[in-house]
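Here's the structure we're looking at; comments come further down.
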Amino acid sequence: MDDITLRVLAELRDCDVVLAEDTRHTRGLLERHGIRAALLSYHEHNEAARVAELLPRLEAGERIALVSDAGLPGISDPGARIVRAALDAGVPVAVLPGPSAVETALVASGHGGGRYTFLGFLPRKARELDALWRELAPSPWPAVAFESPRRLPASLRSLAAFDAGREAAVCRELTKRFEEVARGTAAELADRFREPPRGEITVVVGPVAAAPGVDGAAARAAVAELVAAGTPRRVAADVVARLTDLPKNDLYRSTL
């Protein structure tokens, strides 16, 4: 509750109505900060009806705020439909940023600092998980995903069966009272989370490790030599990355 921004508090005080995924949760947030506001439920089961009901009010000039329980509205949470409808109708939409589990988990995992892939929620079916691990196998960038606490043990076992040594992190209840970040190999995390934990779960799958014996300094020197010989820097970085399995962007930046 203390991670909320001053800008968000000001908007919640000034808006005509607050849309809440669960009005009970949002009422507690508003009471914590001394805000009295009209509340309407807005969730995946009534989203279409609410958009039809509220769009005329938006077009008439009312200010409507949208809050979700544990995440950014519109990112794996209700909200995208009303944002799209408002934009199509010419109604201005402002996003008031706050804590994000995606970026928080990425940095906490130790794999931040550059490009990454956001996967949304992990697939439910075993064969779809296997296909995802195969897709990520050669990736030089980390991937961030949400997962149900109930399905987390099975997903970690699946990753460990595919690549037991792949670095990963399980982040639980980020920015909340019982926040926890567990780092380790896929096998270590699968052993640690044999039973479903509680709370909101964000998983980070680390990038593929560099091939054994690859000398990073030599790879950077090779890029520099190619550039000195007239090869465009991006082409040089791409060629060396393919030969060494080192991240292309890292090679490019390191030789600037």
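The values are calculated or read from the model by the stated rules, or taken from the named source; none is laboratory data. Everything numeric in this text was worked out from a predicted model, so none of it was measured. All Cβ positions, glycine included, derive from the backbone under ideal geometry; neighbour counts span all protein chains shown.
Values computed for the structure shown
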| read-out | value |
| --- | --- |
| Helices (runs of 4 or more DSSP H) (entirely within region 146-250) containing at least 1 residues that are within 30 Å of residue 123 (Cα to Cα) | 152-162, 186-192, 233-244 |
| Residue check for residue 70: aliphatic (A, V, I, L, M) and assigned to a loop (DSSP other than H, G, I, E, B) | yes |
| Checklist (1) surrounded by 12 or more Cβ atoms within 10 Å (Cβ to Cβ); (2) at pLDDT 95 or above; (3) of a type outside the set (Val, Ile, Thr) applied to residue 22, failing item | (2) |
| Counted residues, region 174-190 - those being surrounded by 19 or more Cβ atoms within 10 Å (Cβ to Cβ) and modelled with pLDDT of 95 or more | 3 |
| Region 21-51, residues that are under 25 Å from residue 178 (Cβ atoms) and either in a helix (DSSP H, G or I) or in contact with a Lys or Arg (Cβ under 8 Å, 6 or more places away or on another chain) (or both) | 23, 24, 25, 26, 27, 28, 29, 30, 31, 32 |
| Unique residue being among the hydrophobic types (A, V, I, L, M, F, W, C), more than 28 Å from residue 122 (Cα to Cα), outside the structural domain of residue 172 (by TED's automatic domain parsing) and buried (at least 18 other Cβ atoms within 10 Å of the Cβ) when the list is 82, 64 | 64 |
| Filter pass, residue 47 being of a type in the set (Asp, Glu), more than 20 Å from residue 5 (Cα to Cα) and either assigned by TED's automatic domain parsing to the domain that holds residue 172 or in contact (Cβ under 8 Å) with a residue 40 or more places away in the chain (or both) | no |
| Every residue from region 106-140 that is in contact with a Gly (Cβ under 9 Å, 6 or more places away or on another chain) and crowded, with 18+ Cβ neighbours inside 10 Å | 106, 109, 111 |
